[in-house]
Amino acid sequence: MNDFAKMPSTKEVAELIKKDPTAVDSYMPLVLPAIRDDEEVKERSGDLKDAVANKVFEEVKSKKNHYEKHMLDLCQTCLEKRATKYYELAADMFKEKHIINWKQHVAPAEKLIKTFEVPVALVRNKRDEWWGDDRAPSDTEMGGALAKCIEAMLEGFDRDKILKKVSKCIIEVLAVLFKSPNELQIVAGYAFVSDSWHKISWEGSEKILPEMYTAMYEWMTSGDVDLESISDDKTNFISETLSNSLSGAGSPSKYAKEVSKIFQYLLTQELDGQPCSGYGLVVQNICTQFVSKHCGNQRLIKDFVPGVIKLLKTDTEHLVTIASSCITSFYQQVDLLAPCADDVMDVFLAGKSDMLGMCLKPLYGVSPEKILSRFDQLSEAIEDMNQTNKTYIYMLWDDVAKDNAKILVPHVDLMMDDVTNGQLCHQVVLVLGNISVKFPDLFVDKIDKLMRIAKQTPYTIHSIAKVVASVGQINEEQANRCMKILIDKLKSSEDTWISTILMEIKRIGRKYVEVLKKYRADIEPLLKSQAMGVPDLVQSLIDFMEGRSLEALADDVEDVKEDVQDLDNRVTETEQNVDRLDKTVTEQGQEIENVKNEVAEQGERLDELEEVVDETIVKVDEIDHKTITNAPKWSRDISKLLNVEHEHDWRYLAIRLGFTGEDVRNWALSPDPTMAILAEWYTIHKSSEATYAVLTALQDMGRDDAATIVEEALKAADSKVPKAAPEMSEKPPRVFISYQWDHQPEVKAIREHLEKAGFSCWLDIGQMGGGDSLFAKINEGMRAAKVVLCMCTEKYSKSENCNKEVNLANLLNKPIIPVLIEKIAWPPAGSMSMLFAQLLYIQFFTDKEYVRGDKFWEDAKFAELLGQISYHVAPDEEMITDEYRNWAPQIDDLPKVVKKADEKKPTGAAAKEEKSTEEVHRQSRMRHAGETRSSLRCLFHTNGTSRRR
């Protein structure tokens, strides 16, 4: 007790420090008890705090971590004191690496984190009282000091590479904080989850999350929580925790039940606000970070769908937008979508959401009666719709025209008006083509206009030629007219469209062969065409004109009759010979009986040999697959289909995969040309890329029989190989690259240099599978990206998939930067032209020769691209290589004052004035940083309304 009574005061310890700051080992044992006994907890400053901050820390930093043991004890004591000035003192320690290097002190770091579990009483000082008692705890000086202390802690842990290691401890503390937290515990919890620069890792937290979400639910329903405002401390704590944990954690099935429970409770509260209440903000986070994120897992999100529909039917525009985004994320999950049909139609027809238009086509596929029952309403609304919604309607009508073309007949004139719209014409002519098959009379006077459209947009010739051929089957007069139109078009078309036109010519010729014969001289020269399938198609037309098909069959039947008569005579003679042989057989019977006994003995030996042979065959097959070809096992099944001569056989596949005519001629000598093509293809490409390319080529060729084999093989492979847990990147790729596969080497080179410059890129190279799986990944990559690069080429502008990617980027309001990697007209022809006409492109191609896969652009153009991207997203400094170090703006390139060697330090009043000025500037910067974070949060919460187009 006597020793305790003689302990020096904080002022005395401060004087001792100032007397000799270098005697750290002497005065530090006095500093810790002085802090514990300090009763002046309301003020932000004090003699001891100032002495430690100004004298002790300077001495410790100069020795570079020599006094880490003392500093760890000091940091622990400051946090346990739980006072404003000591939170600030601890924050200063966390910010300076030369005071404590946390890389070697993970256990003490976790002990410090645990101190925030203890409830802390909020102490308001005179300045807080001047502002009033209604000031939020986070805005008080103590609350602000606590939050900044935690922010500095996370920054220090991240700087010293231990933040990921201690993240589990932080999450455990959060789970405790949600159990009826007091005012400052809420501030502490929000500080842990709100730092966007130094985020904690939620990886591996799946076992803790159910407990945390349960505590969150019980707190929210306790009656002590009112989330009326989106800026309330409680709202921020709950919203940010849910958003970060749902986006960062894996294995959602382990905590889906708890999240659903929270979601259902929120839907019973008042969600309206400006633009929504705090409850509405939390609902938005669950919708975007859970429902939309796991839209491909039907079992996981099915319990959330009724709640999403409830949001869709509200009168709040912001909530309708959130619900629409969710529904469009799982619009291909028809079992989930079907019950929503009526509600989706109501909201779409009311004009509340443009996004729902993409659900109409899938809904018709699963519930056609619900769409047809509202068909009149859709038809009335289409005239006043924007181009995006009209596109969705025409995509729906394309399916309707195949089964119910009659109900579209009254709208043909409307479609003929829209066919001149560059963005709509492709979808419109698809519908018209299907209608013309059953109602050709409607198009007799419309052919000339459609042919002008085909001249302006060549890729529409497929459907327009179908309309012309349908009219040509009405009567002989129309057959002559339409045949001449198609023949003239045949002479002026590119090789790509010749086979399409020839097939429609054949449709007319089947009914009016004499009309077809008039143009034989125009058709026969195409026998020498190099276009895939054209010579075979021309030959079939010539055979048809010469009558070889049916007449040849009649002659063959007559020859067979003669053969049968001759066979009958020979059978009669054979019967006589059989009688003679019968006697001989009886004599041989006895001999055969003897042989049977010998055969039985040999049979046992053969059974044993058979087992050996079976095992040998299996091993030979395995060796055969390993040594003879790189192609997958299913290639042999594909070969059986494509080796058969057909207009879309193995030759068409080779051309689609980019092989030359010389390659095709060489493989024609192979006994199994398809297998030879696939072996070569898999030798020069990665397996996943090669499989996707083959599948896409087969689908484009119309060989659904072969494509089905590939898809079933991929599904079988997926069932045998367990899916790895998704790799949750802390920083998803911010640049989405859209391109056409023929220019993959150039795009890979661009991606490589962009990543060297600090921009992570999303590219569909190496993505497993195709179809819905790949489209889901494209959708996810597009939504996560901050900017979209379009690698423009001639084939890119005509690619259906590339058009879909550009349309999706436009719908999501993503910034689009066109990059020309080959010489094309600008804007490119096709449905992209209206959008691209408004954009400035960057020209990467040059007249110089280059090796594919190497750099082919000028440095100035690449610098221009980096500047454009940097306008929308900042580069990742950790990714930047030395080659591009000077291209990217540095975050910490702040101006620094460098003192000259002979410059004297200010003394007396000048020194105090300089410190006072520095303190004012520091506080100003802190307030500005806080205001900036508040503005960014507000912008994040409200940006949903601006997305509606």
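Throughout, read-outs are computed from the coordinates displayed, never taken from laboratory work. Fair warning: this is a prediction, and the values are worked out from it, not measured in the lab. Reconstructed Cβ throughout: ideal geometry from the backbone, glycine too, with neighbour counts over all protein chains shown.
Could you tell me the calculated FRET efficiency between residue 123 and residue 855, based on Cβ-Cβ distance and R0 = 41 angstrom, to the nearest 0.05?
Efficiency at R0 = 41 Å is approximately 0.10.
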* To do: Using amide H atoms built 1.01 Å from N in the peptide plane, name the residues 5+ places from residue 792, or on other chains, whose amide H lies under 5 Å from its own.
  => 819, 820, 821
* Structure fact -> Taking every C-alpha to C-alpha distance in the range 94-227 and binning by 10 Å from 0, the per-bin percentages run 12, 39, 34, 14, 2
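Return the calculated 222 nm mean residue ellipticity for the chain, to the nearest 500 deg cm²/dmol, obtained by summing -39500 (n - 2.57) across DSSP H runs with n ≥ 4 and dividing by the residue count.
-19500 deg cm²/dmol
Starting from the range 126-168, pick out the trypsin sites (Lys or Arg not before Pro) whose DSSP state is loop and whose Cβ has at most 16 other Cβ atoms within 10 Å.
Sites meeting the loop and neighbour criteria: 135, 161.
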* Compute the longest continuous run of the chain that contains no exposed chymotrypsin sites (Phe, Trp or Tyr not before Pro); treat a site as exposed when its DSSP state is not H, G, I, E or B and it has at most 14 other Cβ atoms within 10 Å. => 198-849
* Could you give log10 I(q)/I(0) at q = 0.13 Å⁻¹ for the range 363-518, computed by the Debye formula over C-alpha point scatterers of equal weight, without solvent? => -0.60
* To do: Report the far tail of the P(r) of the range 763-886, meaning the percent of Cα-Cα pairs longer than 25 Å.
  => 31 percent
* Structure fact -> Too long for a 30 Å Cα-Cα cut-off, among 370/455; 361/798; 234/313, are 370/455
* Asked: In straight Cα distance, which lysines are under 16 Å from residue 165, not counting same-chain residues fewer than 8 positions off?
  -> 103, 111, 114, 199
* Structure fact -> Of the convex hull enclosing the alpha-carbon atoms of the chain, the direction-averaged projected area in nm² is 61.3 nm²
* Per residue of the range 50-64, in order, report the coupling 6.51 cos²θ - 1.76 cosθ + 1.60 (Karplus, θ = phi - 60°) as ³J(HN,Hα) in whole Hz, putting x for Gly and Pro. => 5, 5, 5, 5, 8, 9, 5, 5, 4, 5, 5, 4, 5, 8, 6
* By a straight-distance test (C-alpha under 17 Å), which aspartates and glutamates pair with residue 161 as possible cross-link partners, with residues fewer than eight away in the same chain excluded? -> 96, 110, 151, 195, 203, 730, 876, 877, 878
* Asked: Hey, what's the Cα Rg ratio for the range 630-723 versus the globular rule of thumb, 2.2 N^0.38 Å?
  -> 1.04
* **Spherically averaged projected area of the range 1-201 from its Cα convex hull (nm²)** => 11.9 nm²
